[in-house]
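The values are calculated or read from the model by the stated rules, or taken from the named source; none is laboratory data. Here the structure is a predicted model, which is why all the values come from computation and not from measurement. Cβ: placed from backbone, ideal geometry, glycine included. Neighbour counts: every protein chain shown. Ligands, DNA and RNA are excluded from the accessible area calculation, which covers all protein heavy atoms including side chains. Shrake-Rupley method; radii C 1.70, N 1.55, O 1.52, S 1.80 Å.
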Amino acid sequence: MNPRTLEKLSPWLFTIAIFLIWELACIVFKINTSVLQPPSAAFAAMFKLWRVFLYHSWVTLWVTMVGFALAVGFGIILGLVVGWSRAIYRGLYPVMIGFNTIPKVAIVPLLILWFGIGEVPAIVTAFLISFFPIVVNIATGLATTEPELEDVLRALGAGKLDIMLKVGIPRALPYFFGSLKIAITLAFVGTVVSETLGANAGLGYLIALEGASFRMANVYAALLLLAFEGVLMYAVFAGIEQHFTKWAFRSQMSAAG
Amino acid sequence: MEAFVDIDGVTLKYRGASGDIVALQDATLKVQRGEFAAVVGPSGCGKSTLMRLVTGLHKPTAGTIAIDGKQVTGPVKMAGMAFQNANMLPWRKVIDNVLLPLEIVEPHRSQFRSKKVEFRAKAEQLLATVGLAGFGDRYPWELSGGMQQRVSLCRSLIHEPALLMLDEPFAALDAFTREELWCVLRDLWQRLGFTVILVTHDLREAAFLADNIYVMSARPGHIVQIKSVDFPRPRDLQVTYEKDFGDIVMELRMKIAQVRQS
């Protein structure tokens, strides 16, 4: 097999290998199923109750995507504002770091109090947990414009907005798309945390419910579906990143650059 | 005759980590219209600061700078600049890199959409004169360092500036490519007739290209000597092997050694 096909197949091979090792370990070490369920049990549960799992997976997916979309919109605006001037950057940074340090799980009860049990607190949590990397990355992309290039443009009479539009924003794009991959996985974490604490639907709700009734195979099935959604969305945004910022990948590889 | 670039008694101080730093002290420099001026000096003598002052990116602490009789109070809005690093925008094709100044400088800026075809033709033509015909649709990272520097020169000249500021533009290139680009710059200058201020460490480069070479002292920088180079134009690379040429380089070398010690 040539190295290229091997590279393409390796994510699948590794995933299958991990499932096999997991399954074998459960059999060989005779692990009690209340401690660890084999993947086969999780898949069996998935097939048996596929309608239930499909419904809750869908809820988690759309809730996450709405929260994530809000984070992207807000993250872009705040990132541009923060990247615009050093004073704003320095002023807002401690506030944002402070906010980001607060575990979002600690805010969820407040959100439930404000918005009631359901999708809204989950959307807000997904949003709150995922906007930070977007802001930081856009601001970093803008702040690291080469000073000489700025001189070239300013000597031509370019204003701050010109420099931002011609250089800053295109330059920040790879950072932005890179941050989306991080943000989307965080958004899932936010959704599930909130669903676990107060929701009527979603994989987090299902995990809490089934866990409380010791139906562990269903818990594992929900966890696997959650992981699958995360990988899927990550792949989507990695693809979008590749498509829009080819130059950033190529210019790093070029010998002349 | 009034000088085109008139730097008159300019001092620049700025606050450094350990007290005030005087980058330039009473520097006076007069460059005529169409002149090719080279500024040489020991490293850290404020040559690059001079560039930023002339283009209005920095305000002098004392003294005045005027271009074409008008005092410089802010960014000059017309000067072409090129540096040691080609500073290409990697997401733009070569031709769009060259066109960048036209998207910013008036009156081209407001005509950019309507005259796009004309501008592109002009950019292609300029690329051809530096030996890059047909490279417009490539990306900068597909080009070698020397080729990128040619593109950078094109970008600094596309809007036909009256003043071109060069800060060690060839310093990062190998010797052969550098001499090749001297000739490219020489030809562009002779054809278009702009005024050049070239900051360089390379004394041969200065002697080959310039009409006048301004030697700066160590910090705080000021002009300690003006050396006129009167080899006939157009100059051929051959000239760099003549004895007179060697003498000029030698003389500059001695002068810089002297100012470095003092």
In Å, the Kirkwood hydrodynamic radius from C-alpha pairs for the range B:67-149 sits at 14.2
Percent relative contact order of chain A, based on C-alpha pairs within less than 8 angstrom and at least six residues apart?
25
Beyond 24 Å, what share of the Cα-Cα pairs of chain A remains, rounded to the nearest whole percent?
60
Any idea what diffusion coefficient the range A:1-88 gets from Stokes-Einstein, in µm²/s, Kirkwood Rh on alpha carbon pairs, 10 °C, 1.306 mPa s?
90
Grab every C-alpha pair in the range A:115-257, bin the distances at 5 angstrom width from 0 up to the longest one, and report whole percents.
2, 10, 13, 15, 14, 12, 9, 8, 6, 5, 4, 2, 1, 0, 0
Stick to Cα atoms and the Kirkwood definition of Rh, then tell me Rg/Rh for the protein assembly as shown.
1.14
The local net charge around A:Tyr234, scoring Lys/Arg +1 and Asp/Glu -1 for residues other than A:Tyr234 whose Cβ lies under 14 Å from its Cβ, equals -1
Of the beta bridges DSSP finds with both residues in the protein assembly as shown, what % are antiparallel, to the nearest 5?
55
Tilt of helix A:39-48 relative to the longest C-alpha principal axis of chain A, in degrees (0 to 90, nearest 10)?
80
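Would you mind computing Rg(Cα) / (2.2 N^0.38 Å) for the range A:118-163, counting N as its residues?
Relative to the rule-of-thumb radius for its length, the range A:118-163 sits at 1.88.
Give the dimensionless ratio obtained when the Cα radius of gyration of the range A:18-58 is divided by 2.2 N^0.38 Å.
1.35
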Towards the positive end of the charge dipole of the protein assembly as shown, with charges on Cβ (+1 Lys, Arg; -1 Asp, Glu), say which of A:Leu6, A:Thr245, A:Ala126 has the farthest Cα.
A:Ala126
Cα convex hull of the range B:118-193, projected area averaged across orientations, nm²
5.1
Would you look at the GNM of chain A, springs on alpha carbons closer than 10 Å, and say which of A:Leu165, A:Leu232, A:Leu78 moves the most?
A:Leu165
Under 10 Å, Cα contacts only: if you run a Gaussian network model on chain A, which one of A:Ile21, A:Ile112, A:Ile129 comes out with the highest mean-square fluctuation?
A:Ile21
Of B:Met250, B:Gly131, A:Pro94, which is farthest along the charge dipole of the protein assembly as shown in the positive direction, counting Lys and Arg as +1 and Asp and Glu as -1 at C-beta?
A:Pro94
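On average, how much accessible surface per residue is there in chain A, in Å², for a 1.4 Å probe, leaving out ligands, DNA and RNA?
Values: 13800 Å² over 257 residues.
For chain A, the per-residue accessible area is 54 Å².
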Please report the equivalent ellipsoid semi-axes of chain B, computed as sqrt(5 x eigenvalue) of the Cα gyration tensor, largest first, in whole Å.
30, 23, 17
Quick one: what Rg and Dmax do you get for the range A:85-144 from the alpha carbons, in Å?
14.1, 43
Local charge sum around B:Gln111 (other residues, Cβ-Cβ under 11 Å, Lys/Arg +1, Asp/Glu -1)?
+1
Can you run phi through the Karplus equation (6.51, -1.76, 1.60; θ = phi - 60°) for the range B:18-27 and list ³J(HN,Hα) in whole Hz, with x for Gly and Pro?
10, x, 6, 10, 9, 7, 10, 10, 6, 7
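Once Rh for the range A:104-185 is found with the Kirkwood sum over Cα pairs, what is the Stokes-Einstein diffusion coefficient at 37 °C and 0.692 mPa s, in µm²/s?
Reported coefficient: 219 µm²/s.
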Along the positive direction of the dipole of the range B:185-262 (beta-carbon charges: Lys, Arg +1; Asp, Glu -1; about the Cα centre), which of B:Thr195, B:Val239, B:Val259 reaches farthest?
B:Val259
Chains A and B: buried accessible surface, both sides, probe 1.4 Å, rounded to 100 Å²?
2300
Tail beyond 18 Å, pair distance distribution of the range A:53-101 (Cα, percent):
49
Anyone know which of A:Ile134, A:Ile182, A:Ile102 comes out most mobile in the 10 Å Cα GNM of chain A?
A:Ile102
Reported to the nearest 10 Å², B:Arg150 has, with a 1.4 Å probe, an accessible area equal to 30
Suppose every K and R has +1 on its Cβ and every D and E has -1 on its Cβ; what is the size of the dipole of chain B about the Cα centre, in Debye to the nearest 20?
700
Express the accessible area of chain B per residue in Å², computed with a 1.4 Å probe while the remaining protein chains stay in the model.
44
Can you give me the three principal axis dimensions of the range B:88-227 from its C-alpha atoms, in Å, biggest first?
49, 32, 27
P(r) for the range B:173-259, please, calculated from all Cα pair distances in 10 Å bins and given in %.
15, 50, 30, 5
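Taking the Cα centre of the range A:11-160 as the origin, how large is its charge dipole in debye, to the nearest 20, when only Lys and Arg (+1) and Asp and Glu (-1) carry charge on their Cβ atoms?
In total the dipole reaches around 380 debye.
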Over all directions, how big on average is the projection of the convex hull of the alpha-carbon atoms in the range B:1-119, in square nanometres?
10.1
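Using +1 on the beta carbon of Lys and Arg, -1 on that of Asp and Glu, and nothing else charged, what's the dipole of the protein assembly as shown about the Cα centre, debye to 20?
Value, rounded to 20: 840 debye.
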Over chain A, with every protein chain in place, what whole percent of the accessible area is carbon and sulfur at 1.4 Å, could you tell me?
73
Surrounding charge for A:Ala45, neighbours by C-beta under 11 angstrom, Lys/Arg +1, Asp/Glu -1, total +1
